[in-house]
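Step one of this worksheet: look at the structure below.
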Amino acid sequence: MKYIKWLDRNFEVSLLVIALIFMVFIMTAQIIARYVFGSSLSWSEELTRYLFIWSGFLSVSLTLRSNTAMKLDVLIDFMPKLLMKIVTLIANLLMLAFFMYFMVVSFDVVGTMTQKATTMDFSMKWVYAASTIGFALTNIRLIQMIIESIRSFAKNDKNSEMGGGEHVGN
């Protein structure tokens, strides 16, 4: 259970750190090969580009989970707490629908991909799969956030039955 909680908090970060380490090592090797040995690695820039693409799609779920995604906090901060929770829940449901749609579309694109990488001998399905996996992770994170929102509504209902809880008007 402890491992699952750690994975829940650190999965995307771990993958992004690994990708960044690989990008740094690959590009360092490319620089050394080019300027020290006078010949470049033909595959290094392409592989780094693909790792960067993977990093971009993986970071979407991380920004949502860590609450660092770009949004209009100015409007939400002036709302009463109950309205803020409702708006946040609706926004998360809309994002879930959006990312579910794009996950399905990207899955179809990956399924029809027949192109090979330019300098490396592997299918571009592996590169395009970044979108499907990134959207799937984003959907998982959004479902977690929606469940947390619903639980917070239920917790507030129990508090208000006992005489405590928050007032709508702040």
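Probe 1.4 Å, all protein chains in place: accessible area of Thr114 in Å², nearest 10?
Looks like 120 Å² after rounding.
Express the carbon and sulfur contribution to the solvent-accessible surface of the chain as a percent, rounded to the nearest whole number, probe 1.4 angstrom.
71
I need two numbers for the chain: Rg to one decimal and Dmax as a whole number, Cα atoms only, in Å.
Final numbers for Rg and Dmax: 21.6, 76 Å.
Give the accessible area for Arg65 in Å² (nearest 10); use a 1.4 Å probe, count only protein heavy atoms, and leave out ligands, DNA and RNA.
For Arg65, the solvent-accessible surface is approximately 80 Å².
Could you let me know the centre-to-centre spacing of region 1-34 and region 97-154, using Cα atoms, in angstrom?
19
Contour minus end-to-end for Lys155 and Ile31, with contour as 0.36 nm per residue of separation and end-to-end as the Cα-Cα distance?
39.0 nm
Could you order Met95, Met23 so the one with the most accessible surface comes first? Probe is 1.4 Å.
Final ranking, largest accessible area leading: Met95, Met23.
Please identify, among Ser131, Ser42, Ser59, the residue showing maximal mean-square fluctuation in a Gaussian network model of the chain using a 10 angstrom Cα cutoff.
Ser42
List the relative contact order of region 12-170 as a percent without decimals, with contacts defined as Cα pairs under 8 Å and 6+ residues apart.
Value for region 12-170: 28 percent.
Show Leu62, Leu93 ordered by accessible area, largest first, where the area counts protein heavy atoms only and the probe is 1.4 Å.
Numbers: Leu62 45, Leu93 85 Å².
I get Leu93, Leu62, largest accessible area first.
Can you work out the accessible area per residue across the chain, with the rest of the protein chains kept in place, probe 1.4 Å, in square angstrom?
Value for the chain: 69 Å² per residue.
For Arg49, tell me the accessible area in Å² from a 1.4 Å probe, rounded to the nearest 10.
Only protein atoms counted, so the area is about 130 Å².
The values are calculated or read from the model by the stated rules, or taken from the named source; none is laboratory data. Worth saying up front: this structure is predicted, and the values here are computed from it rather than measured. For the accessible areas, the whole protein counts, side chains as well, though only heavy atoms, and no ligand, DNA or RNA atoms are used. Shrake-Rupley method; radii C 1.70, N 1.55, O 1.52, S 1.80 Å.
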